[in-house]
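No value in this document is a laboratory result; all are computed from the given coordinates. Nothing here was measured: the structure is a model prediction, and the numbers come from that model. No Cβ is skipped: glycine too gets one built from the backbone with ideal geometry, and neighbour counts run over all protein chains shown.
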2 protein chains.
Amino acid sequence: MSTREDAIVKWFASRSDSSRQDFPIGIGDDMAQVYLGADKSVLVTTDILSDGVHFDLKKTGLEQVGYKAIAVSLSDCAAMASVPVGAVVSVVMPRGYGKKELKELHNGIVKSAKKFGCQLIGGDITCWRGDGPFVINVAMLSRPAGGKPIERSGAKVGDYICVTGELGGSDAGRHLSFEPRVKEAIQISRMAHINSMIDISDGLSSDLNRICSSSGVGAIIEAKRIPISQAAQQKKKPLASALNDGEDFELLFTLPGKECEGLLSRWKGEIGLTRIGQITDRCKMQIKLRDGRLNELKIEGYDHLS
Amino acid sequence: MSTREDAIVKWFASRSDSSRQDFPIGIGDDMAQVYLGADKSVLVTTDILSDGVHFDLKKTGLEQVGYKAIAVSLSDCAAMASVPVGAVVSVVMPRGYGKKELKELHNGIVKSAKKFGCQLIGGDITCWRGDGPFVINVAMLSRPAGGKPIERSGAKVGDYICVTGELGGSDAGRHLSFEPRVKEAIQISRMAHINSMIDISDGLSSDLNRICSSSGVGAIIEAKRIPISQAAQQKKKPLASALNDGEDFELLFTLPGKECEGLLSRWKGEIGLTRIGQITDRCKMQIKLRDGRLNELKIEGYDHLS
């Protein structure tokens, strides 16, 4: 029960011999955590985006690309309920790009980062020698918001499964301009005891599978509860779109039922919170359809290696 | 007196409003430093390498590419006299690449990292949708070795200028298999008071200019003192090669004369240390040729944006 990408990440993780003391969180979560002594730690994530895969420079300006590249990493910070601190950005530019293009990119980077108190603190700029596409990598540092960062692997049998916002149809435009759920994640983690969390980057089915697989549990979600976005409702298969479209960048988290009820009743955030299902002890994912039938929930989100 | 790359980095730095308290070292040095409270800080660097620019996959295996990508960032850790801690690695792969290729890459990454106690702690893997070249980004974290990290900008008038090892001709092969000077940097910084340091990634002339320019000083180096590598001596212009070839990944540092004399007399490292010149109060770089003439030292190292 895993995508090719998840399988290779597991292989990498299995080869790691980093100590849990120095690296409380290692390969396989949204961010790794490095313990520095004196009760201080830092988290780090890296995301690489390229023209033709994550954006299309024929239709999209460099400012939007800069915004998105930072927002993707901010979403990882959110997934751990951590506070973004600083980012280093690397780019490989097509020949002919220069100061003008870098300034456009910088505008987007700063627009995205500043919104969440994150600083651009360094980078690396190179050029293709011949023809070559634009590539940007963001590595971002964050710090725990107070308690421990929230891992994927902590889901418990019986937990309720919740999401922020609405799902699906991000490819219609939202994937370039989304708001990472940094503030919501910190707020949620302060209002309730969250057992596991991830951001939905590759589609609900894929990212719920990551929680289940790393927690050793299963899940049942209910079709009628899934918050389907307006954009997904325009599509031929709105539910499939909400389940499998990538780049929602909403939060997916699990917590004990009572904690969930308390959270939902006290939640006053602008972004909705919705309970969509429950964690089970069977190592599989299922979806209860509107007609009551229980189907297998297939992992049909975006696989970076397929 | 700056390359296109340095000019744009200065522009980025001028736009930054990060506080010196939270970020003691920001844009424009080998690494940025993030202060985390309780006397703890972390340094971070990012380097992006791509096929056809930094290596040629027609001639070079992925294991060597992984080794080099990590070694380049380790060299940045060395340049600050800091201790490597962990790295996150992103790759964009040509279509058709899979587990086999990633394992080869992983071998090289681990070979390079383990040598210096650095752990692979996370990453991101994506694929081109159509044709596209292999790209790898390494973001590395380090911690101060004890005292303050050594910046580029601390060179003082009268400082002696030193380098480790031998320069030039790295393109003949050494650029893929070099040993980053992590241990030497820490040792040097413990044996003497170093005012400024950088690693020679783009050629002595370019990197000495970075020290001069950020310190507001000039420099005179002596041709007869430059340690020219065997590989550079095979070239048509060995001195020019030692001055301007990129990817030596040796250390270039400045320190008061007396400190330098003490260091050189007590130095027992395997890698040679050579005094090559002196920092001056004139904001230009000069080279004393073997015949005694004093010429301008032109910045002819590798410019990533030209």
Fill in: Relative contact order (%) - the range B:19-144, alpha-carbon pairs under 8 angstrom, separation at least six
35
Practice prompt. Compute the FRET efficiency between residue A:190 and residue A:11 as 1/(1 + (r/R0)^6), taking r as their Cβ-Cβ distance and R0 = 45 Å, and round to the nearest 0.05.
Written response: 0.80
Worksheet entry | Cα-centred dipole magnitude for chain A, charges only on beta-carbon of K, R (+1) and D, E (-1), debye, nearest 20 | 440
Practice prompt. List the relative contact order of the range A:152-296 as a percent without decimals, with contacts defined as Cα pairs under 8 Å and 6+ residues apart.
Written response: 44
Worksheet item: Taking N as the number of residues in chain A, what is its alpha-carbon radius of gyration divided by 2.2 N^0.38 Å?
Response: 0.99
Discussion item. With the crude spin-label approximation of a point 7 Å out along Cα→Cβ, what separation in nm comes out for residue A:114 versus residue A:21?
Written reply: 4.4
Response to the item:
Short to long, in 5 Å steps from zero, the percent of alpha-carbon pairs of the range B:19-144 per bin is 2, 11, 21, 22, 16, 12, 8, 5, 2, 0
Item to complete: Can you figure out the FRET efficiency of residue A:236 with residue B:4, using R₀ = 51 Å and their beta-carbon distance, to the nearest 0.05?
Response: 0.55
Worksheet item: What's the long-distance tail for the protein assembly as shown, i.e. % of Cα pairs beyond 44 Å?
Response: 21
Worksheet item: Pairing the Cα long axis of helix A:99-114 with the longest principal axis of chain A, what angle in degrees results, from 0 to 90 and rounded to the nearest 10?
Response: 30
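Please work out the FRET efficiency for the pair residue A:172 and residue B:171, using the Cβ-Cβ distance as r and a Förster radius of 45 Å; give the result to the nearest 0.05.
For R0 = 45 Å, the calculated efficiency reads 0.40.
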Worksheet item: What percent do you get for the relative contact order of chain B when only Cα pairs under 8 Å and 6+ apart count?
Response: 21
Worksheet item: Is there a simple number for the mean count of other chain Cβ atoms within 10 Å of the Cβ of residues in A:167-175, and what is it?
Response: 0
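Rounded, prolate or oblate: which fits the range A:152-296, taking a ≥ b ≥ c as square roots of the Cα gyration tensor eigenvalues, rounded meaning a/c under 1.5, else prolate when a/b beats b/c?
Note, shape of the range A:152-296 comes out oblate.
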